[in-house]
Amino acid sequence: MAEPCTESLLKKNYYENCPGCKVDQYKELHRGFPIRELVSTWVVVLCTALPISSLFPFLYFMIRDFHIAKREEDIGYYAGYVGSSFMLGRVLTSVFWGIVADRYGRKPVIIIGTITVVIFNTLFGLSVNFWMAVTTRFLLGSLNGLLGPIKAYAGEVFREEYQALGLSAVTTAWGMGLVIGPALGGFLAQPAEKYPNIFSKESLFGRFPYFLPCLCISLFALAVSIACFWLPETLHMHGGKTLPDDLDEGLETGSCNSNINEKTEQIEGTRPTAKENLIKNWPLMSAIVVYCIFSLHDMAYTEIFSLWAVSPRSLGGLSYSTSDVGEVLSFSGFGLLVFQFSLYPYVERYIGPTMVMRIAGVLSIPLLASYPFMTFLSGFSLTILLNCASLFKNVFSVAIITTLFILQNRAVEQNQRGAANGISMTAMSLFKAAAPAGGGALFSWAQKRQHAVFLPGDQMVFFALNVIEVIGVLMTFKPFLAQK
């Protein structure tokens, strides 16, 4: 009878020098709930998501303090360029980082990305003029290419029964970052004005009123960067050969020596299989296109919501402070966390990811249409309604993006996931680069037409967001969206 698999035998087999195979051993020997994998994936994604949106609550005031806008209505126009510069940098480098992740592993790209956040997010908080802010954001986007590789990592480090949960962790952390980031920016910006007993106007945080939220995020990124050195590498490589997906069959059975030896001989005598042309992979490309449409919508909404909330009521806004925006987004983040870890996996398993995406997209349309009418409310009723609307909007957005992550990962083999996610990030970043600039310009234009007959003021802004949402929902149906 063949000798049963044990931890000592696994560590002595042919694959012990392959970081990716060590992950397979780890998954076999730790069959329980993958809490460590969830936490590591979650904090890395959160690290890269926080600086993307943390500036939105205070960006209006930052542009005002730069004295580059001649009129108050023009602030949104310049704010759009600062928001777009990050995504423009990502457009230019996402494919490069995806190729690097496929060639040298996911881990080096993840570490470089987190270190980039430490450096350039700190410099952004110290910006003294408009062009310094644009430049630091551009470099932050260019050198932080870890979102694509971390999606591939999440699809590889989890056992098959937990892969949906792993990709859900990516989108949950991403959604939480897009909520917690603005919350931090809202609570911690301008500390000398909000907390004069702690921060004086002559202190560093008084002279650089937007440095404190950036510093907190950078310190968190520094801790994550150090922790990333202990991440397992998930890319299966043996002397340049990518291992086949069925490699762990020997680990799945009660005996392993014969299976491992047999597969070892097969691998030593084989060459890497020809890679599929990703551009001709329609299930992948259709999922990427739909992902880009919803990403354009989500990024535009993120910027417009903060600008709309802090702008004066005379221009159609809510006259909120940065702290008020932070409170709304903190509540949304908590509800989002509960939904993704308690409800989404069951809903996805019951009705399927594609149906989750369609339902979330359809429900977002009437929700967005209600936003302009909130300006007629005030006090407690406004607080309750705005918090609930923001919560549901973020839940719907993250449910859609989670589905598209799953569809993209299923459309390609493991040895092409880094490149596939690089293409996805490039296309998505191009749309997200256009979103803040376009959203800021639309917002500024809408504020100048408060008394128009057709869709006056902010009604035009949310109508435009709904048009994009409708297009995205229609594209989730056949024949456009194909599944492998």
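The values are calculated or read from the model by the stated rules, or taken from the named source; none is laboratory data. All values reported here derive from a predicted model rather than from experimental measurement. With ideal geometry, Cβ positions are generated from the backbone for all residues, glycine too; neighbour counts draw on all protein chains shown. For the accessible areas, the whole protein counts, side chains as well, though only heavy atoms, and no ligand, DNA or RNA atoms are used. Shrake-Rupley method; radii C 1.70, N 1.55, O 1.52, S 1.80 Å.
Counting just the residues of region 264-297 that are open to solvent by 20 Å² or more (accessible area, probe 1.4 Å) and at pLDDT 90 or above, which one comes out nearest to LEU55 (Cα to Cα)? Give the steps one after another, and end with the answer.
Let us first name the residues in region 264-297 that are open to solvent by 20 Å² or more (accessible area, probe 1.4 Å), namely 265-266, 268-277, 279-280, 282-283, 285, 289, 293, 296.
With at pLDDT 90 or above added as a condition, the list becomes 285, 289, 293, 296.
Numbers: MET285: 31, VAL289: 27, ILE293: 23, LEU296: 18 Å.
Only one residue tops the list, namely LEU296.
Restricting attention to region 179-227, report how many residues are among the basic types (Lys, Arg) and either buried (at least 16 other Cβ atoms within 10 Å of the Cβ) or under 31 Å from the mean Cα position of the chain (by Cα) (or both).
Here is the first cut: in region 179-227, the ones among the basic types (Lys, Arg) are 194, 201, 207.
Still in the running and either buried (at least 16 other Cβ atoms within 10 Å of the Cβ) or under 31 Å from the mean Cα position of the chain (by Cα) (or both): 194.
Qualifying residue count, region 179-227: 1.
Considering region 62-82, and only residues there that are touching a Gly at 6+ places or on another chain (Cβ under 7 Å) and open to solvent by less than 30 Å² (accessible area, probe 1.4 Å), the residue that is farthest from ALA433 (Cα to Cα) turns out to be GLY76.
Of note, TYR153 satisfies the criterion of being of a type in the set (Ser, Thr, Tyr), part of a helix (DSSP H, G or I), at negative phi and touching a Lys or Arg at 6+ places or on another chain (Cβ under 7 Å).
Does any residue of region 239-256 turn out to be modelled with pLDDT of 70 or more, farther than 30 Å from SER295 by Cα, part of a helix (DSSP H, G or I) and open to solvent by 20 Å² or more (accessible area, probe 1.4 Å)?
So the first thing to find is which residues in region 239-256 are modelled with pLDDT of 70 or more, and the list is none.
No - not one qualifying residue is present in region 239-256.
Of the helices (runs of 4 or more DSSP H) contained entirely in region 316-420, those carrying at least 3 residues that are among the small types (Gly, Ala, Ser) and either surrounded by fewer than 24 Cβ atoms within 10 Å (Cβ to Cβ) or at pLDDT 85 or above (or both) fall at 322-338, 353-369, 379-410. Selection of first residues in region 178-195 that are under 17 Å from ALA221 (Cβ atoms) and of second residues that are at pLDDT 90 or above and outside any helix (DSSP H, G or I), restricted to Cβ pairs under 9 Å at least 6 apart or on distinct chains, gives the following pairs, ordered by first then second residue: GLY185/TYR210; LEU188/TYR210.
With respect to (1) within 27 Å of VAL412 (Cβ to Cβ); (2) open to solvent by less than 10 Å² (accessible area, probe 1.4 Å), the lone exception for PHE462 is condition (1). The set of residues from region 90-135 being in a helix (DSSP H, G or I), more than 21 Å from VAL224 (Cα to Cα), modelled with pLDDT of 90 or more and not aromatic (Phe, Trp, Tyr) comprises MET132, ALA133, VAL134, THR135. Contact map, region 65-82: first residue at pLDDT 90 or above, second residue open to solvent by 50 Å² or more (accessible area, probe 1.4 Å) and of a type outside the set (Val, Ile, Thr), Cβ cut-off under 9 Å, separation 6 or more or different chains; pairs are PHE66/TYR78; PHE66/ASN129.
Looking at region 442-450, can you tell me whether even one residue there is part of a loop (DSSP other than H, G, I, E, B), over 19 Å from GLY148 (Cα atoms) and of a type in the set (Ser, Thr, Tyr)? Talk me through it step by step, then tell me what you get.
The initial filter retains those residues of region 442-450 that are part of a loop (DSSP other than H, G, I, E, B), namely 448-450.
Now narrow it down to the ones that are over 19 Å from GLY148 (Cα atoms): 448-450.
Imposing the further condition that a residue be of a type in the set (Ser, Thr, Tyr) reduces the set to none.
No: zero hits.
Residues considered: ASN409, ASN415. Of these, the only one that is among the polar types (S, T, N, Q) and touching a strand residue (DSSP E or B) at 6+ places or on another chain (Cβ under 7 Å) is ASN415. Taken over region 38-57, the residue count meeting the criterion of being over 14 Å from VAL179 (Cα atoms) and buried (at least 24 other Cβ atoms within 10 Å of the Cβ) is 2. Across region 121-160, what is the total count of residues that are open to solvent by 10 Å² or more (accessible area, probe 1.4 Å) and touching a Gly at 6+ places or on another chain (Cβ under 8 Å)? The number of residues fulfilling the criteria is 6. Are any of the residues in region 307-321 of a type outside the set (Asp, Glu), touching a residue at least 60 places away in the same chain (Cβ under 8 Å), out of contact with any helix residue (DSSP H, G or I) (no Cβ under 6 Å at 6 or more places or on another chain) and closer than 18 Å to VAL398 by Cα? Checked against the condition, which is being of a type outside the set (Asp, Glu), touching a residue at least 60 places away in the same chain (Cβ under 8 Å), out of contact with any helix residue (DSSP H, G or I) (no Cβ under 6 Å at 6 or more places or on another chain) and closer than 18 Å to VAL398 by Cα, region 307-321 yields no hits at all. Hey, among the residues in region 300-315 that are in contact with a Ser or Thr (Cβ under 9 Å, 6 or more places away or on another chain) and hydroxyl-bearing (Ser, Thr, Tyr), which one's surrounded by the fewest Cβ atoms within 10 Å (Cβ to Cβ)? Per the criteria, the residue is SER311.
I need the full set of residues from region 463-479 which are aromatic (Phe, Trp, Tyr) and closer than 17 Å to ILE288 by Cα, in order please.
If we filter region 463-479 for residues that are aromatic (Phe, Trp, Tyr), which is where we start, we get 463, 477.
The answer is PHE477, and nothing else.
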